[in-house]
1. At what distance in nm do the modelled label points of residue 170 and residue 49 sit from each other, each positioned 7 Å from its Cα along Cα→Cβ?
2. With no solvent and one equal point scatterer per Cα, compute the Debye intensity ratio I(q)/I(0) for the chain at 0.11, 0.12, 0.15 Å⁻¹ and report its log10, rounded to two decimals.
3. Can you pull the one-decimal nm distance between simple spin-label points at residue 160 and residue 75, each 7 Å off the Cα toward Cβ?
4. Where q = 0.11, 0.13 Å⁻¹, what log10 of I(q)/I(0) comes from the Debye formula for segment 118-200, counting one point per Cα?
5. Let me check I've understood the local charge: for residue 100, count other residues with C-beta under 12 angstrom from its C-beta, Lys and Arg +1, Asp and Glu -1. What total comes out?
6. Which length gain, in nm to one decimal place, applies between residue 83 and residue 104 when the Cα-Cα distance is subtracted from 0.36 nm times their residue separation?
7. Just tell me the longest site-free run in the chain, where the sites are chymotrypsin sites (Phe, Trp or Tyr not before Pro) in a DSSP loop having at most 10 other beta-carbon atoms within 10 Å.
8. Rounded to the nearest 0.05, what FRET efficiency is calculated for residue 240 and residue 296 with R0 set to 25 Å and r the Cβ-Cβ distance?
Amino acid sequence: MTVLEVTHETHYDYAAPVAQAQHVAYLEPLSNGRQQLLEHELHIEPSPTQLAHETDAYGNRCVFFSLNQPHRCLSVRSVGRVSLTPVAAALDAAQSPPWQAVAAALRYEAGARYDTAVEFVQPSPYVPRLRVLREYAACSFPAGRPVVQGALELMQRLHADFEFRSSSTEVDTPLAEAFEQRSGVCQDFAHLMIGMLRMLGLPARYVSGYLLTTAPPGQPALQGADASHAWLQVYCPGTAGLPDGWLELDPTNNLVPRDAHMRLALGRDYGDVAPLRGVIRGGGEHTLRVAVNTRRVEGPLPAVA
């Protein structure tokens, strides 16, 4: 069993006092068939006036908190630990269903069974429908090709043709621009591949999380470590080795996640699961510092000061 621990620290400094603030945090790791949440601690300074834990429509745990006292800084520190259960170890790509059959089964038919995965075929705010995405993906999905084979090849092509460049895009950089410049960060790689799959009628959803900061001995360092990471899942129902039908793919690093990825939340795109966002009154300009560390651990979760 692999146990990972993550420490995620976010610190805002404001040029002027913030009179009021409302925030939502997606910082509690998922607990599902791929990983089990062991412990999680969230520390917020200044102490929130109100705080509420909720579960969203996709099964993610989130925290809503408000600050009604004037403040010139905000610090949020999350420490979590999970045990991982790698899936897809016995995956046989050639035995997955033809991609066209997967897409066809999700088309609306009066009286037919509704598959909730159909939501992840639709465009979303950060992943619009773009014809160039369909054209790029099409050659990996000839008629009758098993969906897992096509998805793996598409991931390999995307990794080879696009360059990971830190700070090359912003959160709001249009997807068409990231495609045109053939570079981006992990969020762009995930959004691009999600868009390509959706343009073929295949459900794909966004995964936010973390990577191990230090690679195992003899293995190359992964792109996107020491920060929040993003990858995706594509729907491959009826595929042996995928109990829930979703295959995880990390196009930034060209691999199938196993024991180096900690999952935070699932959604249509980044906008559904941003680690921390909010609305403030006052504050003026601000500076942001984020620090992330993920590591393998044994024993109890260390105390948070």
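FYI, it's all coordinate maths here, none of it is from the lab. Values in this document were obtained by computation on a predicted structure and should not be read as measured data. As a convention, Cβ positions derive from the backbone with ideal geometry for all residues, glycine included, and neighbour counts pool all protein chains shown.
1. Between residue 170 and residue 49, the label points sit 3.0 nm apart.
2. The calculated log intensity ratios at q = 0.11, 0.12, 0.15 Å⁻¹ are -0.70, -0.82, -1.23.
3. With each label point 7 Å from Cα toward Cβ, the separation is 4.8 nm.
4. Here log10 of I(q) over I(0) equals -0.27, -0.38.
5. Combined, the nearby Lys, Arg, Asp and Glu give +2.
6. 3.9 nm
7. Here the longest segment lacking exposed loop sites spans 115-305.
8. 0.30
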